[in-house]
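Enquirer: First the structure, which I've put down as structure tokens, then a few questions once you've had a look.
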Amino acid sequence: MITRINVGPIHPGTHGVLRLLVDVDGDTIKKVEPHIGFLHRGVEKLVENRMYLQNPVYMEKLDYIAPLAFDELYVSAVEAAMGIPVKERAQYIRLIQLELQRIASHLLWLGTLANDVGQLFTIFMWAFSDRDKVLRLLEESAGTRMFYVNQRMGGLIRDQPPDFAEHAAPLLDYLDQRIAQFQEVLEKNPIFTERMKGVGVLNREDAIRFGVTGPTLRGSGVDYDTRSNQPYYVYKKLNFSPQTRGEGDAFARYKVRMLEMKESIKLVRNALKSMPEGDALGMQIRLINPVPKNRVVTVSRETPRGEGMMYMVADPQRPYRLSIRSPSFINLSVLNHIAKGHRFADLFAILASLDPVMADVDR
Amino acid sequence: MLTGNPLDMLGQALQSGNLTTSVIAVIAYAILIAIIIGVFDYLFGWFERKVIARVQLRHGPTYVGKYGILQNLADLIKLLAKENVIPANADRIFFMTMMPSLLALSIFIVFLIPFSPTLQATNLGLGVLVIFTLLSFAPSMIFLAGHSTGNKFADISAQRSVIMLISYELPLILVLVAVAVMANGFNLSNIVNAQSPWYFIILMPLGFVIFFITMLAEMERPPFDIREADSELIAGWFTDYSSPYYALGLFLDYTRMLLGSLLISVIFLGGWLGPAILPPVAWLLIKAVVVAFFIVIVRVTTVRMRLNNLLRFGWIYLLPLSLINLVITYIVFIKGP
């Protein structure tokens, strides 16, 4: 007998306002149908009515777990349209901020994942306190804790404080240690590994066919990372290597994110070491009255959730059209395919391993 | 004829053959047990919140009362003041009776546990069997409670409750058989007295581990909170129970925790045995609190088990291990020196 269960939009297991219609036969999932749109704001249309400099505020609310990623992506799209080069020091600072943001985002994901497999908020609280430390460091660099709006065409609104490297070094060491501790608590627990391994397997071909990106794709053994395949900023110089795992299950996706955090720590360390002196400030606001050099641009960046892409048709005053490829939306589309045939309890482990952010899905 | 402090007097009255005296004594004892359960449920609620908070780098309740000790009372008042909503498609009779009956059942089982050599309502020859038979009523009552709400999540939870029963009940009984072999019977007082020089936790550590795990499952404590799985089933079988029933549910939860820790203390940790500086009842309660602490620590550090994993775990690991435990016990302690 098939029972249809309505999960969400208010449910402890669905992050944000995701509604799932789940058909179960006993305890086995037959079909999962995501219903989205509870957080639709029409960002793409809003952007068309505002000037270039007004839009980063909206972009940050796309993925509120990692606001900087989309802020930076939008600013890069504008830079590409206007043909503004980014100053070298600014490239380093942006990279550091983006990677710190990735660590913060993955820490939050780790907490919610642990919750969804039945942890009683312990890992969640630990990860949140560590995330807060990362955010405090970002605050030093970017000015605010969560919604930064600190990117300007060609650079940033302010340079890094002079003692930033001294403050960052102990935190990075601490994070290295903490990530090892998290792994110890979770991976040494056979219940956790049993719940994650072999669950929600997405094989290589399907991953490519569905167009998933980010850790979800790399967990399926595809060595594709925008940071290395279409390198931007100084990722190439800093010996970035993408992290992949071949199994394609929830555990592989978990593992990829854990390894990515370590990789990000390495990148920040390297960037702090080799950062050039000089000027990192972007254009002054009164100078921003740009005339687009390229009318149509496409820019893509590796956000914590996958490849974020912006397609912009530029007008002198405001974007004529801005189309956003949000990684969460496309990663979520794979849910039915990989959750079918698993237990009802696995649905939430699988969902957490995909890590969708509903604001990003609904736009 | 009755001498000593009130507890001793009560004990002597309970053990006296006189009908009137023992009837009055049993009533007094029931009131005492009710007070103990009330106080310990309340304190466990506070204690659990504090321990969990400390593990999670939080403070826990601090505002209401000293160290937040009155927070749970405030919560209770809030719950009782709220409207009691009974879902339209619920089976009203089962919905309204099952939660109080479950609580009554748990309290009755606590009533059957001996608190000291004299403080016991009755000295049943098959005490352990009676207690565990009564305990195994709970899953079917939870099934009814969940099924009667007419909520799909509660329904799934109710089904899980029945499946859980078949995964942990057999190893539990086998461990109890080993205990009975050691103590030469199922009488709880005899079991405690048999632990006189060495507690059973030392004599059969394997049995203790299995018993602790199965008791966690029996009490719906994590990692076996499969019925209440909050990230999957919202609150499982009591998703639709609101206000006063929810308060009853919390009471039930802590009574079962007290019951579980008392049973573990009595059967494996020597019950009321301990140096004479404290009365026997105090030793039993201290041991119960220590066990409860470990239960809370397990709750806060582990992740939830999946239903089919629990079945496999029960039948592939726990059942053979409990058989091995039984055989070892028989060979070493009965046939051996």
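Enquirer: Compute the accessible area per residue over chain B, keeping the other protein chains in place, probe 1.4 Å, unit Å².
Expert: 43 Å²
Enquirer: Suppose we compare each residue of segment B:228-268 in its chain alone and in the full protein complex with a 1.4 Å probe; which ones drop by at least 20 Å² of accessible area?
Expert: By number: B:Asp230, B:Ser231, B:Glu232, B:Ile234.
Enquirer: 7 Å from Cα along Cα→Cβ at both A:Thr193 and B:Phe137: what's the point-to-point distance in nm?
Expert: If labels sit at A:Thr193 and B:Phe137, their model points lie 4.3 nm apart.
Enquirer: For chain A, modelled as a Gaussian network with Cα springs under 10 Å, which listed residue fluctuates most, A:Gly278, A:Gly341, A:Gly155?
Expert: Result for chain A, Cα springs under 10 Å: A:Gly278 fluctuates most.
Enquirer: I'd like to know how segment A:2-362 sits against the 2.2 N^0.38 Å rule of thumb: what's its Cα Rg over that expected value?
Expert: Working it through for segment A:2-362, the quotient is 0.98.
Enquirer: Please report, in whole Å, how far the alpha carbons of segment B:1-157 spread along each principal axis, starting with the longest.
Expert: 57, 41, 29
Enquirer: Considering only protein heavy atoms and a 1.4 Å probe, what is the carbon-and-sulfur percentage of the accessible area of chain A?
Expert: 55 percent
Enquirer: Quick one: what do you get for segment B:192-239 if you divide its Cα Rg by 2.2 N^0.38 Å?
Expert: Ratio of Rg to 2.2 N^0.38 Å for segment B:192-239: 1.66.
Enquirer: Could you list, in their original order, any pairs among A:Lys61/A:Lys262; A:Lys133/A:Lys293; A:Lys133/B:Lys287 whose Cα atoms are separated by more than 29 Å?
Expert: Checking Cα-Cα distances, A:Lys133/A:Lys293; A:Lys133/B:Lys287 exceed 29 Å.
Enquirer: What lysines does A:Lys237 reach when the alpha-carbon gap must be under 17 Å and sequence neighbours fewer than 8 apart in one chain are set aside?
Expert: Within the straight-line cut-off, A:Lys237 pairs with A:Lys87, A:Lys266, A:Lys273.
Enquirer: How far is helix A:164-187 tilted, in degrees, relative to the longest principal axis of the Cα atoms in chain A, given as a value from 0 to 90 rounded to the nearest 10?
Expert: Compared with the principal axis, the helix lies near 10 degrees.
Enquirer: So which residue, out of B:Ile27, B:Ile201, B:Ile131, gets the largest mean-square fluctuation from a GNM of chain B using Cα contacts under 10 Å as springs?
Expert: B:Ile27
Enquirer: Shifting gears a bit: Average the reciprocal distances over every distinct pair of alpha-carbons in the protein assembly as shown, invert the result, and give the Kirkwood radius in Å.
Expert: 28.5 Å
Enquirer: Past the 15 angstrom mark, what percentage of all C-alpha to C-alpha distances in segment A:32-72 do you count?
Expert: That fraction is 49 percent.
Enquirer: Another one. I'd like the FRET efficiency for B:Tyr317 and A:Lys133, computed as 1/(1 + (r/R0)^6) with the beta carbon distance as r and R0 of 56 Å, rounded to 0.05.
Expert: 0.90
Enquirer: Percent of Cα-Cα pairs per 5 Å bin, from 0 to the last occupied bin, for segment A:140-201, please list those.
Expert: Pair shares across the bins are 4, 14, 13, 13, 13, 10, 10, 11, 10, 4.
Enquirer: Let me ask another. Choose one answer from B:Tyr246, B:Tyr199, B:Tyr67: the residue with the largest mean-square fluctuation in a GNM of chain B with alpha-carbon springs under 10 Å.
Expert: B:Tyr67
Enquirer: Okay, moving on. Give the residue list of trypsin sites (Lys or Arg not before Pro) in segment A:150-207 that are DSSP loop and have at most 10 other beta-carbon atoms within 10 angstrom.
Expert: In loop regions of segment A:150-207 (DSSP not H, G, I, E or B), the sparsely surrounded trypsin sites (Lys or Arg not before Pro) are A:Lys188.
Enquirer: Here is a further query. For labels at B:Ile286 and B:Val209 in the simple 7 Å Cα→Cβ model, what's the distance in nm?
Expert: According to this spin-label approximation, the distance is 2.8 nm.
Enquirer: Something else now. Bins of 10 Å, beginning at zero and ending with the bin holding the largest distance: percent of Cα pairs per bin for segment A:1-149, please.
Expert: Per 10 Å bin, starting at zero, the Cα-Cα P(r) for segment A:1-149 comes out as 10, 28, 30, 20, 9, 2, 0 percent.
Enquirer: Further question: So what is log10(I(q)/I(0)) for segment A:115-242 at q = 0.14, 0.16, 0.20 1/Å, when the Debye sum runs over its Cα atoms only?
Expert: Result of the Debye calculation: -1.01, -1.22, -1.29.
Enquirer: Please determine, in degrees from 0 to 90 and to the nearest 10, the orientation of helix A:67-82 with respect to the longest principal axis defined by the Cα atoms of chain A, where the helix direction is its Cα long axis.
Expert: The helix A:67-82 is inclined about 50 degrees to chain A.
Enquirer: In segment B:167-229, what percent of the accessible surface is made up of carbon and sulfur (1.4 Å probe, ligands and nucleic acids excluded)?
Expert: C and S fraction of accessible area: 69 percent.
Enquirer: Let me ask you something else. Excluding ligands, DNA and RNA, what is the accessible area buried between chains B and A, summed over both sides, using a 1.4 Å probe, to the nearest 100 Å²?
Expert: 2600 Å²
Enquirer: Defining a contact as two alpha carbons under 8 Å apart and six or more residues distant in sequence, what relative contact order in percent does segment A:1-50 show?
Expert: Rounded, it is 28 percent for segment A:1-50.
Enquirer: Given contacts defined as C-alpha pairs under 8 Å and at least six residues apart, what's the relative contact order of chain B, whole-number percent?
Expert: 22 percent
Enquirer: Can you tell me the FRET efficiency between A:Asp159 and A:Lys237 if r is taken as the Cβ-Cβ distance and R0 is 25 Å, rounded to the nearest 0.05?
Expert: Rounded to the nearest 0.05, the efficiency is 0.80.
Enquirer: Give the whole-number value, in cubic angstrom per residue, of the convex hull volume spanned by the C-alpha atoms of chain B.
Expert: Measuring per residue, one finds 152 Å³ for the Cα hull of chain B.
Enquirer: Where does chain A land at 222 nm, in deg cm²/dmol rounded to the nearest 500, when only DSSP H runs of n ≥ 4 count, each adding -39500 (n - 2.57), divided by all residues?
Expert: -15000 deg cm²/dmol
The values are calculated or read from the model by the stated rules, or taken from the named source; none is laboratory data. Worth saying up front: this structure is predicted, and the values here are computed from it rather than measured. Cβ: placed from backbone, ideal geometry, glycine included. Neighbour counts: every protein chain shown. These area figures cover heavy atoms from the full protein model, side chains too; ligands, DNA and RNA do not enter into them. Shrake-Rupley method; radii C 1.70, N 1.55, O 1.52, S 1.80 Å.
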